[in-house]
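Structure first, then comments.
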Amino acid sequence: MEIKEIAKVVNGKLIGNPKGKVDKFCIDSRKINQNMFFVPIKGERFDGHQFIEDAIKKGATGYFTQIAKNIDGGILVDDTLKALTKVGVYKKERLKIAIGITGTSGKTTTKEILRFLLSQFFNTYSTPGNYNNEIGVPLTLANIPENTEIGIFEFGARKKGDIKKLIEISTPEIRILTAIGHGHTEVFGSLEEVIKGKGEIFEGGEIAILPYSLLKYYNLGKKITFGFEENADIHIKGIKIDFEGTEGILKIDNKFFKIKIPAINRAIVYNTAIGAAVLKYLEMDIERALENLSEFQMPEGRGKLIKIRNIQVIDDTYNANPLSVKNAIDTISSLQGFKIAVLGDMLELGKKSQKLHAEIGEYIGQKNIDLAIFYGEEMKWAYERAKKYIPAFYFEDKTAIAEKILKHKDKNPIVLIKGSRGMKMEEVIEILKNIF
C-alpha cells in the first residue's frame with residue numbers, strides 16, 4: 001500500500017511528504033525493517049509513540065501517531081489501534097473467503113491444517129503465531145498479502161464479549177468452534193460462560209462448523225458438524241496411533257476417507273475433520289486434499305515427536321487445559337512401551353483449579369501410564385490422586401524431572417511433556433538434551 005492510500009482508508013492527516021511503499025504493518029519498533037509501517041500502541045506500561053523516531057531510523061516507511069510529529073511519513077489519527085483496524089477491515093474485504101476459528105483447544109493446529117489443505121487450491125494466509133486478541137487480529141488483517149484469496153484467522157477470548165468484538169472486525173464467512181472445555185474459567189467465571197463466550201463466533205456468517213456434541217447449546221442456521229456420533233456430518237470412525245503418526249477414518253456423505261498424519265496427537269483427527277468440513281462447504285476435492293496429509297508438519301509444541309537418543313519425547317508443551325491434557329494422556333496411553341507423563345500446571349482455571357487438577361490425577365491413574373511426574377503448585381492435587389494408582393512423583397525443579405526420566409532410559413521410554421504456556425515445560429526437553 002502507498003502511504004497516501006493508507007491515509008485515505010483511515011481518514012487521517014498526512015505529515016510531511018511521504019515516500020515509498022508499505023509491505024507490512026508492525027507494532028514493535030525492535031522488529032522494524034525496510035518498507036514497514038510502524039503502529040505505536042499505547043499500553044499500560046509503555047506508549048509506543050516514544051519509539052516512533054527509533055522506528056524511522058531503522059527504516060520504517062511511515063507511522064501512525066496520535067501526537068503531532070514533524071517527521072515525514074506520518075499519518076495523524078485519533079486512535080492508532082482503530083486506524084490499524086480500519087486498514088485490516090479494508091484488506092479483509094478483498095478476500096474471497098474468510099475463516100474464523102475459536103475454541104478452548106485446537107485453534108492453532110486447526111488453523112495450520114486448514115492452511116495446508118486449502119493452499120492446494122487457493123492463495124491462503126493465516127494468523128501468524130497466536131496473534132488472536134484485540135491487537136493481534138487487526139494486525140493480522142492489516143498484513144494480508146496482495147492476491148490472497150482465503151484468510152484463516154484465529155480468535156482467542158479471555159472473557160465474554162471478546163469474540164464478538166473480533167468477529168465484528170473480521171466478519172468471517174466460515175465460523176469454526178473446535179472444542180469447549182475448562183479453559184480460562186478464571187476470567188469467564190464458569191464453563192457455561194465459556195460456552196456462551198465462544199459461541200459468539202456464530203453471530204453471523206454463512207456457515208457454522210462445530211462438534212456434534214455442542215449442537216444442543218446453539219441455535220444455528222446452516223451448519224456442518226463433526227465427531228464420533230453417527231449423525232455427525234463428518235463422522236470420525238476410528239483413531240489409531242503409533243510412532244509413524246496418527247491414523248483415522250472419516251465418513252463424509254457415505255464415502256470413507258482414510259487419513260494419516262505424521263503427528264502423535266489424537267486430536268489431530270478432529271482438526272482434520274474440521275478441514276474436511278471446510279472443503280465440503282467449498283465443494284473442493286476432499287480426497288485429493290487429504291491424500292497429501294503425509295506432508296503436513298505439526299506446529300512446535302503440539303504433539304511433535306522428538307528423539308533424544310533412545311528416549312521418545314512427545315513435545316506437547318505449548319499450552320494445557322483439562323480437555324487437551326486428557327487428550328494427550330489418551331494419546332500416549334495408546335502407544336506401546338514404557339510410558340512417562342510429565343505434567344505442569346493448567347493455568348487460569350479459577351476456583352475450580354484444585355478440583356480439575358485432582359481429576360487429572362484420577363484420570364491418569366486409570367490410564368495405561370507407567371510413571372507420572374508433576375510440576376507446579378496446582379499439580380500437587382493431581383499428584384495426590386495419581387500416587388494412589390501408579391508410581392507418581394512431584395518435583396519443584398525441572399532438572400530433577402529430567403534426572404528422574406533419565407533413570408529409566410534403559411527402558412527406551414516414551415515421555416509426554418505438557419503444561420500451560422506460563423509453566424515453560426519445554427525447558428525440561430532442553431535440559432534432557434543437555435544432560436543426556
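Data overview
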quantity	calculated
Cα coordinate range in the chain, projected on the principal axes (Å, largest first)	71, 52, 40
Neighbour-limited loop hits for GluC sites (Glu not before Pro), the range 307-412 (at most 15 other Cβ within 10 Å; DSSP other than H, G, I, E, B)	GLU377, GLU396
Estimated FRET transfer efficiency when R0 is 22 angstrom, pair PHE121-ASP23 (beta carbons, to 0.05)	0.30
ILE308-GLU149 pseudo-label distance in nm [points 7 Å out on the Cα-to-Cβ vector]	4.4 nm
Overall form of the range 341-394 per C-alpha gyration tensor (a/c, 1.5; a/b vs b/c)	prolate
Rg/Rh ratio calculated on Cα atoms of the range 304-435 (Kirkwood radius)	0.93
Ranked list, fewest to most other Cβ atoms within 10 Å of each Cβ, for ASP370, ASP397, ASP316	ASP397, ASP370, ASP316
Mean Cβ count within 10 Å, highest first, over the residues of peptides 66-72, 27-33, 321-327	321-327, 27-33, 66-72
P(r) tail fraction, the range 3-78 - alpha-carbon pairs more than 20 Å apart, %	19 percent
Phi to ³J(HN,Hα) by Karplus 6.51 cos²θ - 1.76 cosθ + 1.60 over the range 106-121, Hz, x for Gly, Pro	x, 5, 5, 5, 4, 4, 5, 4, 4, 4, 5, 5, 6, 5, 6, 10
Calculated SAXS-style log₁₀ I(q)/I(0) at q = 0.12, 0.14, 0.25 Å⁻¹ - the range 71-174, Debye, Cα scatterers	-0.39, -0.52, -1.42
The range 63-74 - phi-based ³J(HN,Hα) in whole Hz, Karplus 6.51/-1.76/1.60, Gly and Pro as x	6, 8, 7, 9, 10, 4, 10, 10, 10, 4, x, x
More than 20 angstrom apart: percent of Cα pairs within the range 94-295	54 percent
Other-chain or far-sequence residues with amide H under 5 Å of ILE373's (modelled H)	ALA341, VAL342, LEU343, PHE393
FRET efficiency estimate (nearest 0.05) - Cβ-Cβ, GLU283 to TYR218, R0 22 angstrom	0.35
For the range 78-132, fraction of C-alpha pairs farther apart than 15 Å, in %	58 percent
Extension reserve of the LYS8-ASP47 stretch, reckoned as 0.36 nm per residue once the Cα distance is removed	11.5 nm
Cleavage-rule hits, chymotrypsin sites (Phe, Trp or Tyr not before Pro), the range 46-87, DSSP coil, Cβ neighbours within 10 Å at most 16	PHE46
Neighbour-count ranking [beta-carbon atoms within 10 angstrom, fewest first] of LYS216, LYS19, LYS380	LYS216, LYS19, LYS380
Computed [θ] at 222 nm, deg cm²/dmol, the chain (DSSP H ≥ 4; -39,500 (n - 2.57); rounded to nearest 500)	-9000 deg cm²/dmol
Filtered GluC sites (Glu not before Pro), the range 270-334: DSSP coil and at most 13 other beta carbons within 10 Å	GLU283, GLU300
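None of the figures in this text is laboratory data; all of them are computed from the coordinates on show. Note that the structure is a prediction, hence the values are computed from the model and not measured. Cβ atoms come from the backbone with ideal geometry, glycine included; neighbour counts cover every protein chain shown.
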